[in-house]
Structures are given as structure tokens and as C-alpha cells.
Amino acid sequence: MVKTQTPEKPAPATDEERLAELREFIDGIKTREQPKSHLIAVLHKTQELYKYLPTQVMDEIALSMQIPTAHIWGVATFYHYFKLTPPGRYEIAVCLGTACYVKGAAQILQTIRDELKIDLGGVTADGVFSLAPARCLGACGLAPVVMIGDKIHGDLTPKKMTQIIKEYRKQAAKEQR
């Protein structure tokens, strides 16, 4: 059996396009039974579009769904998945699962902290990197590992991690030109 692939819709490029897509999503939610109960789905869609939950967009959600802003903030701050500040261009997730921890994840985390001058949950001053913990990235055979964006980097040592950060910095500098 051959699967046909449908072309993926390109990611919205501007805030206006993101907001239009979010409004369309909310309009679809409003046709369902108990639309206010789908707030978490709306917040997930928002984070998918913006990479975090901007205050002004949460205000828009409150108006559109007729939900108090305080309730939306309560949900957004209760669940750790939701980000209230913009992440760095490159999000570094450090696996702190058992296999990675035993094989040196603490040293990798300290190397990243030292190199980037940020702690878990932080974003570098230039907005290039953000740092988050991960409980398991499913690459235990490559421990210790980090995930940067959607790429796994494994068999890490502090020296390798420093080099990886330098490579991403070079890439970010190229992209800024």
C-alpha cells in the first residue's frame, strides 16, 4: 500500500498570519460542545505558532473565547509545558534521565551553564539559546545526550558540548547577516 503525502501548510511567517491561523482554530473550537473546555488545546496551538504564550495573544484568546484572562493565566502557569517567555533561537534540552545522569549529564549541564551563563529555564542575553531539563529523550544508548531543536547530540563530553555550542553560535551569526 502506497501512502500519498499531502503537502504541509507552510508555517505562518508574520504575527498577522499567526493570529489569523489562531483565530481560525478558535472559530473551529467554538463550534464544538463546551468550547471553553478546549482552552488547553487553544494554548497548545498558540505555543505551536509563537513558541511561547505572548501576553497580548492570551488577551485575544480571553476576548474571543469569553474566558477571564485570570483563568487563562491560571491554566498557563499551572502546566509546566507552557512557556510564558520567548525561548532562545536554539532550545537546548538536557536529558537528566537515569542513563544520562549516570553517564555524566550533570557535567554536561554545568558545561552549558558555564558556556552560556544561564541556568535551567534561562535564555541567553542575545536570545540565541535557552536551556531546559528533560526527563528522558529516548536515546539512552547514546547517553549523555542533549536535544537542540529537534536534533539529538549524544556520547557527550564537556569538550564536545563546548564545540557544539560554538557551532550553533556560528550558525546563528551566519543567519543574522
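Rule-based calculations on the coordinates, nothing more; no lab input. As the structure is a prediction and not an experimental result, all values here were calculated from the model. A quick note on method: Cβ atoms are made from the backbone with ideal geometry, for glycine too, and the neighbour counts reach across all protein chains shown.
The H on the amide N of Glu91, modeled in the peptide plane, is under 5 Å from the matching H of Ser130, Gly149, each at least 5 residues off or on a different chain.
Normalising the average separation of contacting C-alpha pairs (under 8 angstrom, six or more residues apart) by the number of residues puts the relative contact order of the range 1-117 at 19 percent. Taking the DSSP beta bridges with both ends in the chain, the antiparallel portion is around 55 percent.
When Rg and the Kirkwood radius Rh are both evaluated on Cα atoms of the chain, their ratio Rg/Rh stands at 1.04.
Under 27 Å of direct C-alpha separation, and excluding same-chain neighbours fewer than eight residues apart, Lys159 reaches these lysines: Lys103, Lys117, Lys151, Lys170, Lys174. Sequence-distant contacts, meaning Cα pairs under 8 Å at least 6 residues apart, place the relative contact order of the range 15-78 at 31 percent. The label-point distance for Gln110 and Lys159, in a model that sets each label 7 Å from Cα toward Cβ, rounds to 1.8 nm. Taking the charge dipole of the chain about its Cα centre, with +1 at Lys and Arg Cβ atoms and -1 at Asp and Glu Cβ atoms, the residue from His44, Val57, Gly149 reaching farthest to the positive side is Gly149. Couplings for the range 131-143, taken from phi via the Karplus curve 6.51 cos²θ - 1.76 cosθ + 1.60 with θ = phi - 60°, read 10, 9, x, 9, 6, 6, 9, x, 10, 4, x, 9, 4 Hz in order; Gly and Pro are left as x.
Its Cα centre serving as origin, the range 15-78 has a Cβ charge dipole (Lys and Arg +1, Asp and Glu -1) of approximately 280 debye. For the range 90-176, the share of DSSP beta bridges that are antiparallel, to the nearest 5, is 55%. Distant-in-sequence amide contacts of Lys83, defined by a placed amide H-H separation under 5 Å and a gap of 5 or more residues or a different chain, comprise Leu53. Computed from label points 7 Å out along Cα-Cβ, the spacing between Glu17 and Thr77 is 3.4 nm.
Mean projection of the Cα convex hull over all viewing directions, computed for the range 15-78: 3.8 nm².
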